[in-house]
Structure formats: C-alpha cells, structure tokens
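Here the structure is laid out as structure tokens; the discussion comes afterwards.
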Amino acid sequence: MLDSSSTGRIDCDVHNAVADISDLFPYLPPRWSDYCVEHGVDNLAPSYYPPGMAFSARPEARTGELPPGSDPVAVAGHVLGGDDLGVLNCLYGVQPIHNEDWAVAMTRALNDWQAERWLAADDRWRASIVVPPQNPHRAAEEIDRHAADPGFVQVLLLAYSEMPLGRRLYWPIYEAAARHGLPVAVHPGVAGGNPLLPVGWPSYCLEDYAGAAGVMQSQLVSLVCEGVFSKYPGLRVVLQESGVTWLPSLLWRLDKNWKGLRREVPWVDRLPSEVVREHVRFTVAPFDGPDDGAVVRRTVEQIGSVDLLLFASDYPHWHHRDAERSLLRHLSEAEAARVLHGNAADLYGLDVTAATT
C-alpha cells in the first residue's frame, strides 16, 4: 500500500483522441490506409459527446484546431502533476466497425499509435488495450500482443455491446485478460447495433446521457450471473463514467432475487454483492450524488468500503461537479488517499512514486 503523503493521483479515465485518421496510417497495412482514402473514410471520431455542447470538453481542452484530447503535451499539462499517473481510454470509433478484418487492423493501429505517440512520450501515461469485440478470439490475440508492455494496464470494452458482456461469446477476452493479470474496463460507448436505451432509441442526447447508468447496471448483472468471475476468479472489472450511487440498491435487489433463484445459476455460489465487492471497481467521475456529506457517507457505508472507488477526471469531458467537491472532501484523509491512488495502485500494480524517477 502506498504512503499517501508521498504519492500523486492516479487518474483512471483520461480520453486521448486521434486528431486525424491519417495519424493512424503509418501503423496500418497499405491495404487499409488505401481503403480509408479510396472510400472517403476521413474520420472515426465518436459522437457520444456532441462537440459543440459545453460538457463535451472543458474550456482549457479546446486548444485551437485540434480536437480536445488530441495533443499529448496539452493533455498532460491539464491532467498530470509531477507525481501523477493517468490511464488513457481511447474511444476512437474502431470498435463499432462491422467489417472484422478492418476492425482488427484499426484496433492494432490504434494501440501502436498509443504506444508510440503517448506512452513513449511521457512515462506518466498508462493506456487501455482497445480490442475488436466482433471477434473475441482476435481480441484475445491483441491482448497477448501488448500484455508484456507495462504501459498497457487494462483492456477496454464498450458498454453498448451487441449482447450482454457476460455471454460466453466474450469469454476469450476475459481469459486472456485474466491470464495476463489485466483488468477489463467497461466504458459507455457504442460497439453494436442495439438501441442506447432498453426500450429503444432515444430522441435526445440528454436521454442517452442520463440512461448510461442503466446500461452499466445491466452489464454488471450479466457479468455476475453468467459466471464470468466464477470462471476467471482472478479477473477484475472497472465500470467507468456511469456513477456509483445506484450500486447499493442494485446489489440489494440482486442479492434478494438470487436467494430465490440461485439454482438457476449454480456457479454463483455466494451473494452477488460479495462477488461485486471482490471483482469490480468503479470510477467516480461523474459522481452521481449531491454535494452532501451525509449522502456520501451513507453511500460508502452501503457499498461496504471506499476500496471499490477509483479517482477519475474523465478529461476532457466537463461535468457540472468534479469528484473533489462532491466526494473526496467528505471522506477521511485515509479514505481519500485510497480513492486518489491507493485503490488504483493495487488494481493496476502501479507505483506513483516511480513515475518521475
């Protein structure tokens, strides 16, 4: 466990962006760079955050002509202090590509670009391995390709998947991640053709934004009930950017129903809440609770411990309230230290004090 007096933060959700698709061409086979040019594919930037809306980027992240999050020097200046570390989650739209061969080529290029453009340029960065979920076996190959690189510390999946992430189709991804001791992060984003809400397609961005927590709850229930953690007991999963105050009620309901239906899922051999507390962590940006110390204390008590929580800025996205003001100031010094760096250091095997030495 790290000494909180001598360590910096570990920011577990920083979004680096590709400025132009041509930036990936040096890492693509000519077949696929030619394909992009000949078919007029000039951008795969996701539209999860409408670029003109305020919450899509903080004012300081709008650094001119480049998209927010695409300048490594500017991002480091905005996010990282001298002893800090940051975990990059690149949401460039390669995972939704339906052509499996193209998707594999683009994810490989994106990871190689991250390694050269970001990780090699600043040793305070760590990154998530982007994988093509369309073909879990080839996704596992991509995990194997980067697992020995200490700059890559987890695997990135998107929450709006073709089917629930607990389904056995995806298990090769979890097998590879567990074999290499890498957590799997699940982040809001589209990786399939399903509607953004359980009842269909929303009309407004607000609906999608507010409904993200419901999707994450569904994925959490799937991972537990399908037996992913029973099959891979060493696996850890990080649920990102969807809040945490919904967790106590979900765990209570899941425990209650498991008691009556557990013969249906014999591999879940203990309370689901115990499984979640052992295997799952949650980033705290945006923190989905009021700036109320009593609410924060009650939430921490109900989830069982601050050890489930990971600090994140969600840079460059601009939420109405950050974790410092809505969560951390209501915790004890020891609890805040766990959230700021201790929990992530344990999860990812990181030493913040080594970042600048």
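The values are calculated or read from the model by the stated rules, or taken from the named source; none is laboratory data. Remember, predicted model here, so these are calculated numbers, not experimental data. As a convention, Cβ positions derive from the backbone with ideal geometry for all residues, glycine included, and neighbour counts pool all protein chains shown.
Numbers at a glance
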read-out: Wholly enclosed helices (runs of 4 or more DSSP H) of the stretch 228-286 bearing at least 3 residues at pLDDT 95 or above and surrounded by fewer than 23 Cβ atoms within 10 Å (Cβ to Cβ); value: 247-261, 272-279
read-out: For Arg297: the one exception among (1) within 26 Å of Val87 (Cβ to Cβ); (2) free of Cβ contacts under 8 Å to residues at least 60 places away in the same chain; (3) in contact with a His (Cβ under 9 Å, 6 or more places away or on another chain); (4) not in a loop (DSSP other than H, G, I, E, B); value: (1)
read-out: Restricting the stretch 31-61 to residues that are at pLDDT below 95 and among the acidic types (Asp, Glu), the residue that is surrounded by the fewest Cβ atoms within 10 Å (Cβ to Cβ); value: Asp42
read-out: Test result for His319, surrounded by 15 or more Cβ atoms within 10 Å (Cβ to Cβ) and either within 27 Å of Gly52 (Cα to Cα) or among the small types (Gly, Ala, Ser) (or both); value: yes
read-out: Ala105 being more than 20 Å from the chain's Cα centre (by Cα), within 16 Å of Leu24 (Cα to Cα) and either small (Gly, Ala, Ser) or surrounded by 20 or more Cβ atoms within 10 Å (Cβ to Cβ) (or both); value: yes
read-out: Residue in the stretch 157-172 that is acidic (Asp, Glu), surrounded by fewer than 17 Cβ atoms within 10 Å (Cβ to Cβ) and more than 24 Å from Gly234 (Cα to Cα) present; value: yes
read-out: Selected residue [buried (at least 16 other Cβ atoms within 10 Å of the Cβ), free of Cβ contacts under 8 Å to residues at least 40 places away in the same chain, outside any loop (DSSP other than H, G, I, E, B) and basic (Lys, Arg)] from Arg126, Arg138; value: Arg138
read-out: Flag for Gly81 being over 19 Å from the mean Cα position of the chain (by Cα) and without any contact (Cβ under 8 Å) to a residue 60 or more places away in the chain; value: no
read-out: Among the residues listed as Gly64, Gly86, Gly69, the single one being at positive phi and either of a type in the set (D, E, K, R) or buried (at least 18 other Cβ atoms within 10 Å of the Cβ) (or both); value: Gly69
read-out: Selected residue (criterion: farthest from Pro248 (Cα to Cα)) from residues of the stretch 184-207 that are free of Cβ contacts under 8 Å to residues at least 60 places away in the same chain and crowded, with 17+ Cβ neighbours inside 10 Å; value: Leu196
read-out: First in the stretch 249-268 and touching a residue at least 40 places away in the same chain (Cβ under 8 Å), second anywhere and β-branched (Val, Ile, Thr), Cβ under 8 Å, 6 or more apart; value: Leu251/Val276; Leu251/Ile303; Val268/Val224; Val268/Val275
